[in-house]
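Read the figures in this text as sums done on the coordinates, not as results from a lab. All of these numbers come straight from a predicted model, not from anything done at the bench. Cβ coordinates were reconstructed from backbone atoms using ideal geometry, including for glycine residues, and neighbour counts include every protein chain displayed.
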Amino acid sequence: MSAPADNTPRPVTVLGLGPMGQALARAFLAAGHPTTVWNRTASRGDSLVARGALRAATPADAVSASDLVVVCVLDYAAALSVLDAAGDAAKGRTVVNLTADTPARAREAAAWAQAHGVTYLDGAIMTPTSTIGTPHAVYLYSGPEDAYRAHRPTLDALAGTPSYLGADPARAASHDVALLDLWWTSVSGLVHSIALARSQGVSARDLAPFAKNIGNLLTSVIDEFAEEADAGEHPGTESDLVSAAAGLAHIVHASEEAGLDASVARAAHAVAERAIAEGRGHESTLGMLRTIAAGEARPTPAAH
């Protein structure tokens with residue numbers, strides 16, 4: 001039996017051809033979708049045109065070519081600038097914005113779309129460029145569920161694991177910034193730990209096996225931290241915030257004695273000290289949650 005006509009790969013447009021935009025376009029092409037591409041620097045589309053993509057001369061031409069328009073540029077200001085340049089051609093289309101930015105700007109983009117007759121899905125790509133089109137890619141989407149379901153067959157060309165997070169257009173961006181916070185804080189901690197080890201004559205290669213154990217330990221406590229955070233109860237039965245602050249103070253001292261920049265560890269220590277001063281020293285590290293949520297800048301206390 002022949003496949004229904006609905007299974008025919010549908011046209012898609014990709015606006016923005018940085019490394020990630022190019023990877024998205026390649027995945028659509030590989031899955032057989034007629035793919036139109038546009039970028040301010042047209043030559044970035046050369047390799048995609050060689051693979052069969054159609055290069056549009058203007059944003060309006062690009063948007064007119066497909067009912068589904070995928071945007072992947074530097075930030076939401078750039079995304080809306082390109083979509084504005086498309087003018088009335090965007091009306092009636094579905095835009096999937098895979099650009100990274102803040103939840104507030106995701107809501108602004110959704111409001112812009114509503115005002116211009118555009119169906120808007122916000123999205124986030126949570127894995128590197130090399131994963132696009134493979135089972136290792138991870139995507140988050142939020143916005144109108146009917147639009148997501150309607151275009152899911154085309155979006156599935158990107159492969160990997162997609163998750164629909166709900167109708168709030170800022171939901172994907174909210175996950176994105178929180179997860180990027182975890183990633184970049186962790187990566188900067190890793191880089192700093194390597195610098196601290198090397199200052200004491202320990203090579204990064206010698207440190208690596210033990211660093212992996214710390215990474216595994218972090219993974220093992222995520223579910224526990226999530227449950228306690230949502231429950232609002234985080235007793236420091238095994239290790240309290242006073243102990244954590246002492247450990248952070250040691251890192252600050254060792255870093256500064258070695259002539260290293262200790263600003264990140266000092267900032268974390270400052271938050272811990274404020275939480276202790278607010279009476280939460282007996283709680284676990286999650287005792288810093290309310291202090292962080294208060295968001296009030298205060299003088300940084302000296303490390304003990």
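Can you give the relative contact order of the chain as a percent, counting alpha carbon pairs under 8 Å and 6+ residues apart? Show your work: numbers first, answer last.
Details: 478 pairs, mean separation 33.7, N = 304.
Relative contact order of the chain: 11 percent.
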Residue-ordered couplings for segment 71-84, obtained by feeding phi - 60° into the Karplus form 6.51 cos²θ - 1.76 cosθ + 1.60 and rounding to whole Hz (Gly and Pro as x), are 10, 8, 10, 5, 7, 5, 4, 5, 4, 5, 5, 5, 5, 4
When you count, for each residue, the other Cβ atoms within 10 Å and take the mean per peptide, how do 215-226, 175-186, 141-152 rank with the highest first? 141-152, 175-186, 215-226
Please list, in chain and number order, the residues 5+ apart from Glu283 or on another chain whose amide H is under 5 Å from its amide H, with Hs placed from the backbone. Gly236, Leu241
With 0.36 nm assigned to each residue of separation and the Cα-Cα distance removed, Ser130 to Ala104 gains 6.5 nm
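Compute the orientation-averaged projected area for segment 78-143 from the convex hull of its Cα atoms and round it to one decimal in nm².
Working: hull surface 19.3 nm².
For the Cα atoms of segment 78-143, the hull's average projected area reads 4.8 nm².
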Rounded to one decimal in nm, the spacing of the 7 Å Cα→Cβ label points at Leu179 and Leu74 is 2.5 nm
Amide H contacts under 5 Å for Ser163, restricted to residues at least 5 apart in sequence or on another chain and with H modeled in the peptide plane, are Tyr139, Leu140, Tyr141
7 Å from Cα along Cα→Cβ at both Ala60 and Val264: what's the point-to-point distance in nm? 4.7 nm
The summed charge of the Ala265 Cβ neighbourhood (under 14 Å; Lys/Arg +1, Asp/Glu -1) stands at -3
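Where both residues lie in the chain, what percent of DSSP beta bridges are antiparallel, nearest 5?
20 percent
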Checking the a/c ratio against 1.5 first, then a/b against b/c, what shape does the Cα gyration tensor give for segment 5-168? rounded
Debye calculation, C-alpha points only, no solvent: report log10 I(q)/I(0) for the chain at q = 0.09, 0.12 Å⁻¹, in the same order as the q values. -0.60, -0.90
Whole-Hz ³J(HN,Hα) for each residue in segment 123-139, computed from phi via Karplus 6.51 cos²θ - 1.76 cosθ + 1.60 with θ = phi - 60°, x for glycine and proline: what do you get? x, 9, 9, 9, 9, x, 3, 5, 8, 4, x, 10, x, 8, 6, 9, 10
Kirkwood Rh (inverse of mean 1/r, distinct Cα pairs), segment 1-61, angstrom: 11.9 Å
Taking R0 as 30 Å, what FRET efficiency do you get between Lys91 and Ser163 from their Cβ-Cβ distance, rounded to the nearest 0.05? 0.55
Long-range HN-HN contacts of Val14 with modeled amide H, under 5 Å: Thr36, Val37, Trp38, Val70
